[in-house]
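Note sheet for the following structure.
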Amino acid sequence: MILSAFPAASPFRVDQVMEAPWLTGGLVAMQLALACWGTWVARQRSRVLWWVATGMLLSTIAVFFAVACWGTSDVAKLNFYFDSARLSGPSLRELLPFEPVWWWLAPWIVRLPYRMSAVHGVVVAAFALIPVLLAKSWRHQPWAGWWALLLVSSPMLRGFFQNAHSRQALATFLAIPLLLWSLEVIRWRPWLIIGAGCLSLGVHLTALPTLLLAASPVLLQYVRRVRDLKTYTLVAGLAVVVVSLLCFSPLATKLQAYAGFGFFSSYPIKPAVVCNELLIVGSIAAIWIRQRLTWRHFLAQREGLALGLYLMCFAGIQASLIWRWWPQVTFRLGDTVGVFLLISLLAWLRRRQALVMVVPLLLLNLLVWVDRAGWPQGLACGLDDDFLCVPDRWPWSIHYPIR
């Protein structure tokens, strides 16, 4: 069995970790300070200093998640997979058979400090870059750092960022250009969007449903506008192709394995996530009443259509967890839908000229975030695989593999 040499139960790492609230809390305090500085220099119209502040913020986010995710099981598992000294065990191609991007990256990952943990920090910083670029594109540079923190601190994305589901997170990140094009937020060259999508397919097996979710707003709008037999035939043909790929591809085997495994996470129905949803719905309702919107106006714009779609999808995932409708499978798309929901929310608020309505959501997330990082409670570093358990030694003193 491929995983026979790997520990079958948590914790995957029993040493080389420690609790360090002074470090994690200090890094979060730096992020808040850099976001404030970025706002100030943006209002002073200092373009160079704004890029400096933004670059430092993204770097701090990368360092924070690199060290804070060192004690998680997914990072430990992948560090074990990438261990070049494990010559007698299965190869990386056997361990990750349908994810060739990691085969190519492996020789470089083993040279990084803390290996996969460093990769995860870069992935999270890449996600934080998205709202920064949106803020710059929309000429809202003072908000850039705060939108970045809104994303990385969101409890909706706990699996991606805090549990270090780096492979699936990277696959979703590569689908975001398609989402932004679908929302009519960007006008990149088609080969860039297609290239990112194709690369996503080699990163994680969930890339196919992720790309379909990213393209859903434009597909739905097209179906709504063009109502003839040719359109419905095209949509039906596309549905047949998609179902065939889902049923007769490596993804189908993976889904069956997930369904038989029986494990699922309750993160999407945690109280903090429900509070986020209520604030999102409350913001939509407030704007709806103030601007006297109708369903026709709301759904006519891609941002509104996407926002409604991803809200329904996220609620559906939550319902599947509560009533146990294939929760082993559905919860794994919760973070993907959460990312698309938050980006769609920003795009819709910008369309309605009401970006200030994101402030309550930001404040809630930051209050939870600062409290958790600065005063972590209940950590059992060395006995469990918790987020915020940081390395207890420098990168060159880490011993691989961890058995």
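The values are calculated or read from the model by the stated rules, or taken from the named source; none is laboratory data. Predicted model, so just to flag it, every value in this text is computed and none were measured. Don't worry about glycine lacking a Cβ; one is built from the backbone with ideal geometry, like all the others, and counts go over all protein chains shown.
Computed values, structure above
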{"quantity": "Unmet requirement for residue 18, which otherwise passes all of (1) surrounded by 18 or more Cβ atoms within 10 Å (Cβ to Cβ); (2) at pLDDT 85 or above; (3) of a type outside the set (S, T, N, Q)", "calculated": "(1)"}
{"quantity": "Test: residue in the range 78-92 that is surrounded by fewer than 20 Cβ atoms within 10 Å (Cβ to Cβ) and either within 28 Å of residue 180 (Cβ to Cβ) or modelled with pLDDT of 95 or more (or both)", "calculated": "no"}
{"quantity": "From the options 370, 356, residue that is part of a helix (DSSP H, G or I), at pLDDT below 90, closer than 18 Å to residue 145 by Cα and out of contact with any strand residue (DSSP E or B) (no Cβ under 7 Å at 6 or more places or on another chain)", "calculated": "370"}
{"quantity": "Verdict on residue 335 being touching a Lys or Arg at 6+ places or on another chain (Cβ under 8 Å) and at pLDDT 90 or above", "calculated": "yes"}
{"quantity": "Residue in the range 249-266 that is within 22 Å of residue 305 (Cβ to Cβ) and modelled with pLDDT under 90 present", "calculated": "no"}
{"quantity": "Spans of helices (runs of 4 or more DSSP H) in the range 286-345 with at least 3 residues under 18 Å from the mean Cα position of the chain (by Cα)", "calculated": "302-322"}
{"quantity": "Subset of the range 159-169 (residues that are surrounded by fewer than 24 Cβ atoms within 10 Å (Cβ to Cβ) and within 27 Å of residue 305 (Cβ to Cβ))", "calculated": "159, 168"}
{"quantity": "Single residue of 363, 333 found to be under 30 Å from residue 27 (Cβ atoms) and surrounded by fewer than 18 Cβ atoms within 10 Å (Cβ to Cβ)", "calculated": "363"}
{"quantity": "Cross-chain or 6+ apart pairs with Cβ under 7 Å, the range 334-351 first and more than 21 Å from residue 274 (Cβ to Cβ), then part of a helix (DSSP H, G or I)", "calculated": "347/303; 351/303"}
{"quantity": "The range 171-193: number of residues that are in a helix (DSSP H, G or I), within 22 Å of residue 300 (Cα to Cα), among the hydrophobic types (A, V, I, L, M, F, W, C) and in contact (Cβ under 8 Å) with a residue 40 or more places away in the chain", "calculated": "3"}
{"quantity": "Cβ pairs under 8 Å, 6+ apart, first in the range 316-330 and of a type in the set (Gly, Ala, Ser), second surrounded by 13 or more Cβ atoms within 10 Å (Cβ to Cβ) and part of a helix (DSSP H, G or I)", "calculated": "316/330; 320/327; 320/330; 320/331"}
{"quantity": "Residue 10 being of a type in the set (Ser, Thr, Tyr), surrounded by fewer than 19 Cβ atoms within 10 Å (Cβ to Cβ), at pLDDT below 85 and out of contact with any strand residue (DSSP E or B) (no Cβ under 6 Å at 6 or more places or on another chain)", "calculated": "yes"}
